[in-house]
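In what follows, a single structure is set out as structure tokens and then discussed.
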Amino acid sequence: MQRIRWFLWVLCMPLSVSAYTDMVVGKRDTMKFIKVHFLYGSKPKKEFKFLEKKWFGGMHGGHVSIETDSIVTGFGPKGKFHVFGYKKNFHSHFFSQGMLEWMDDSVGMKYVSVTIPLTLIQYQKLDSIHKTYQNSPPYDYAFVGMRCAAATYHILSQLDLVPVRGHHRMVINYFYPKLLRKRILKLAVEKKYAIHRQSGRITRKWEKD
């Protein structure tokens, strides 16, 4: 009887190893990653005003974008800048940059990037959202309205990474990038997401966390 058990164990062991290997490989194949990039707000240092320019938003400015498959996508104005968001005739767009172009533009900028794991289903949904929004943005870009931080929150909420909120709540809660950055960095610590930081050039005064 003991010999029979040993024989059955030897016979089944390769099947068990194979099944385990398939499960691990399958899990790896269904796991994708995105990076949420936060450009910090800034203003020229007094002694470098002859060299540096003022940027939109100043110390409460900056930008938020999402990287997928070496493509960085963000939300911004297009055409006339609106103070309040329009319900039609949107002056906005979702635009993309390749990594080489984005890296070239980010040289000397203060950034923090958070790497977030997604399931394959979440990743495919994000790809679909980006394609749809690039063809037809769902809202206007306005000073008092949806901007890059609120738009990024909106996308992350559709992936179930953050709670779903109404547009007015998103506009108020994430009026500028720092408010969303604090939320995502807190989430990164809780979920143990990778965080990468890049220092900005010394000719500008950069926003702090």
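Counting only residues that are under 21 Å from the mean Cα position of the chain (by Cα) and open to solvent by less than 40 Å² (accessible area, probe 1.4 Å), region 78-93 holds 1 of them. Residues in region 147-177 that are more than 22 Å from Gly57 (Cβ to Cβ), of a type in the set (Gly, Ala, Ser) and within 14 Å of the chain's Cα centre (by Cα): 1 in all. Look at Ser96 and say whether it is crowded, with 18+ Cβ neighbours inside 10 Å and assigned to a strand (DSSP E or B). No: the conditions fail for Ser96.
Taken together, the criteria place Val164 among residues that are among the aliphatic types (A, V, I, L, M), free of Cβ contacts under 8 Å to residues at least 12 places away in the same chain and in contact with a helix residue (DSSP H, G or I) (Cβ under 6 Å, 6 or more places away or on another chain). For region 103-124, a residue qualifies if it is at pLDDT 95 or above, surrounded by 16 or more Cβ atoms within 10 Å (Cβ to Cβ) and not in a loop (DSSP other than H, G, I, E, B), and the qualifying residues are Tyr111, Val112, Ser113, Val114, Ile116, Leu118, Gln122, Tyr123.
Please find, within region 131-141, the residue that is surrounded by the most Cβ atoms within 10 Å (Cβ to Cβ) out of those that are part of a helix (DSSP H, G or I) and of a type outside the set (Val, Ile, Thr). Walk me through it before giving the result.
At the first step, the residues of region 131-141 found to be part of a helix (DSSP H, G or I) are 131-135.
Keeping just the survivors that are of a type outside the set (Val, Ile, Thr) gives 131, 133-135.
Details: Lys131: 11, Tyr133: 19, Gln134: 13, Asn135: 9.
Looking at residues that are part of a helix (DSSP H, G or I) and of a type outside the set (Val, Ile, Thr), I get Tyr133.
The number of residues in region 69-91 being modelled with pLDDT under 95 and hydroxyl-bearing (Ser, Thr, Tyr) comes to 2. The requirement of being crowded, with 18+ Cβ neighbours inside 10 Å, basic (Lys, Arg) and either out of contact with any helix residue (DSSP H, G or I) (no Cβ under 7 Å at 6 or more places or on another chain) or on the phi < 0 side of the Ramachandran plot (or both) is fulfilled somewhere in region 41-57, by at least one residue.
The values are calculated or read from the model by the stated rules, or taken from the named source; none is laboratory data. Source: prediction; values computed, not measured. When we count neighbours, we look across all protein chains shown, and the Cβ atoms used for this are built from the backbone with ideal geometry, even at glycine. Areas reflect the complete protein model, heavy atoms only, side chains present, ligands, DNA and RNA absent. Shrake-Rupley method; radii C 1.70, N 1.55, O 1.52, S 1.80 Å.
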